[in-house]
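The numbers here are math on the coordinates, done by the rules we state, and not lab data. Because the structure is predicted, anything quoted here is derived from the model rather than measured. Every residue, glycine among them, receives a Cβ derived from its backbone with ideal geometry; neighbour counts consider all protein chains shown.
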Amino acid sequence: MAGPPAASGTLRRLFDAAGYRVDDRPSGLRAFRPRDRRAILVVRANPSPTDVEAEFPPDAIHRTLIYAEDPGEAAKALGAEHGIEILGPSALGSALGELLLPPPDAPILEDDDSAEPLEPPAQAIPEGERTVRPRLGRRDAEALAGLDGVRFTLRLIPFYVAPYRVRVPTPHGRPGPPSDHLVAVNALNGQVEIWEAGERELVGEVDEPHQRLDPTLTDAEARSVAEATIRRRHTVSVDHTEQHGGAIVIERRKVPPAVDDLRLGQSVLVHVPYWYAEGPDGRLVLDAVTGTRTVPDAPGIDGIPP
């Protein structure tokens, strides 16, 4: 079965010149342009759109499927339901100009910083200052707990903290301006928090008697869960409008930051203070910075020998 015109050669060169990243997939040729999240899949046969939909990048917005032969009405209708433009050899020539040109609202400029991958941010944790200073002393914790006859212990819980830089997609799917944040992963239970610079004061040591705990997770394990959480946190809803034949299809998609729109910096181990109120009726855990009550039986929080 003959494929689309010059699919193996000319199309590959044209897509590459137009800023697409071209690679080979099991079903054929895939081209993806991060600037406008446009993806093209050139298949060798005429599979159902749903059979090859998973080969589009998950953060693609505009998706085009080019068949080896002109598609039937059933394939076009199914493609419209899934937000996929379906083209065959007879329609490819007229559509190729739109596929190759940059979007009209996103001209390629030399000083456009959204066109280049982000650089990882610099380390945000000062050398030697690896402990968060508690804002609540023992008396503060006792007052917040409101319990009598309990023992209070200050424990320093290890967190892997790393700066990250992200470009969040705009409502039209284009990368927005970059912003810097801090991600903190509990090195005992893998729970992830997003910190903002200046929220916590770092010191070399704390004066209050305390227990300092060692991590059970590795840095690599912490970075893996951190990146997954960051992508979910910065995923946005994008309304995408396409015309399929005589019908206008409006589809809302969840779009995470693209691969090049997220960079994690170097992570360091930081200890965060928690007050443990332990008595005959159980255990209460307080964040010694915010005063927030933490679930006492959370993995990595409870189960610590007194």
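Net charge dipole, the range 131-294: roughly 340 debye, given to the nearest 20, about the Cα centre with Cβ charges of +1 for Lys and Arg and -1 for Asp and Glu.
Full extension of the segment from Leu213 to Ser94, taken as 0.36 nm per residue of separation minus the current Cα-Cα distance, would add 36.3 nm.
Amide H contacts under 5 Å for Ala187: Phe159, Tyr160, restricted to partners 5 or more places along the chain or on a different chain, H placed in the peptide plane at 1.01 Å from N.
Among 193-200, 25-32, 80-87, sorting by the average number of other beta carbon atoms lying within 10 angstrom of each residue, highest first, gives 80-87, 25-32, 193-200. At an R0 of 22 angstrom, the distance between the Cβ atoms of His82 and Val236 translates into a FRET efficiency of 0.60. Look at the alpha carbon pairs under 8 Å that are at least 6 residues apart: their mean separation over the length of the range 133-237 gives a relative contact order of 31 percent. Put simply, the amide H of Arg25, placed in the peptide plane, has neighbours under 5 Å in Arg30, leaving out anything fewer than 5 places away on its chain. Expressed in units of 2.2 N^0.38 Å, where N is the residue count, the Cα radius of gyration of the range 131-294 is 1.37.
Fully extending the segment from Ser48 to Leu202, taken as 0.36 nm per residue of separation minus the present Cα-Cα distance, adds 49.8 nm.
Spin-label model, Leu14/Ala143: points 7 Å from Cα along the beta carbon direction are separated by 7.3 nm. For the range 10-100, the Stokes-Einstein estimate of translational diffusion at 25 °C and a viscosity of 0.890 mPa s comes to 189 µm²/s, using the Kirkwood hydrodynamic radius over alpha-carbon pairs.
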